[in-house]
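Participant: Here it is, the structure, as structure tokens.
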Amino acid sequence: DQRSSVLRSTLDLLFKTGIANIMNNMIQLVSLQHNTRSRGTVEAVSANAKTAPKVNANFFSDERDLEEQLTSMRTLLRLLNTDPVQKYVFPGEDFVPAGIPLPSYLTCMTKRPGQDEKAIVLPCMPEAGSSNE
């Protein structure tokens with residue numbers, strides 16, 4: 001399975017950088033969305049069960065789903081700014097040492113000049129103005 005090899009190689013790379021120590025001193029806040037109203041489609045493209053289907057997730061096609069997700073994210077951000085959580089907030093240093101090549105979906109793990117984010121979202125969002133492909 002292609003996803004397994006990509007995930008495995010990415011994790012191997014990250015653990016070689018010493019990120020395990022960082023991961024043991026951080027928290028992960030997650031916002032799950034239940035009872036979504038948006039509907040997508042899954043379409044078989046072959047009679048072969050090993051062939052991946054064509055998937056159109058159609059996330060946030062119902063505006064209420066996006067509103068609920070934004071409300072959840074605002075709640076997580078308020079939690080992120082509470083005193084007990086602050087010791088786990090981005091320490092102002094790179095998660096990955098300089099010179100370690102990273103796939104584009106992990107580049108937000110390195111700090112850039114002027115960056116003041118308190119959290120990172122993986123996979124990394126594309127830079128402003130970049131292609132959405």
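Participant: How many residues are over 20 Å from the mean Cα position of the chain (by Cα), open to solvent by less than 90 Å² (accessible area, probe 1.4 Å) and free of Cβ contacts under 8 Å to residues at least 24 places away in the same chain when one looks only at the stretch 50-70?
Facilitator: Number satisfying all stated conditions: 4.
Participant: Filter the stretch 9-18 down to residues that are at pLDDT 70 or above and not basic (Lys, Arg) and give me whichever is most open to solvent (accessible area, probe 1.4 Å).
Facilitator: 15
Participant: Identify, from the list 51, 71, 107, 75, the residue that is at pLDDT 65 or above and either in contact with a helix residue (DSSP H, G or I) (Cβ under 9 Å, 6 or more places away or on another chain) or in a loop (DSSP other than H, G, I, E, B) (or both).
Facilitator: Working: 71 fails: either in contact with a helix residue (DSSP H, G or I) (Cβ under 9 Å, 6 or more places away or on another chain) or in a loop (DSSP other than H, G, I, E, B) (or both); 107 fails: either in contact with a helix residue (DSSP H, G or I) (Cβ under 9 Å, 6 or more places away or on another chain) or in a loop (DSSP other than H, G, I, E, B) (or both); 75 fails: either in contact with a helix residue (DSSP H, G or I) (Cβ under 9 Å, 6 or more places away or on another chain) or in a loop (DSSP other than H, G, I, E, B) (or both).
The match here is 51.
Participant: Something else now. For residues that are over 21 Å from residue 29 (Cα atoms) and of a type in the set (Phe, Trp, Tyr), tally how many sit in the stretch 39-59.
Facilitator: Kept after step one, since they are over 21 Å from residue 29 (Cα atoms), are these residues of the stretch 39-59: 39-58.
Then drop every residue that is not of a type in the set (Phe, Trp, Tyr), which leaves none.
Residues in the stretch 39-59 being over 21 Å from residue 29 (Cα atoms) and of a type in the set (Phe, Trp, Tyr): 0 in total.
The values are calculated or read from the model by the stated rules, or taken from the named source; none is laboratory data. Quick caveat: nothing in here was measured; it's all calculated off a predicted structure. FYI the Cβ positions are ideal-geometry reconstructions off the backbone, even for glycines, and counts take in every protein chain you see. Areas reflect the complete protein model, heavy atoms only, side chains present, ligands, DNA and RNA absent. Shrake-Rupley method; radii C 1.70, N 1.55, O 1.52, S 1.80 Å.
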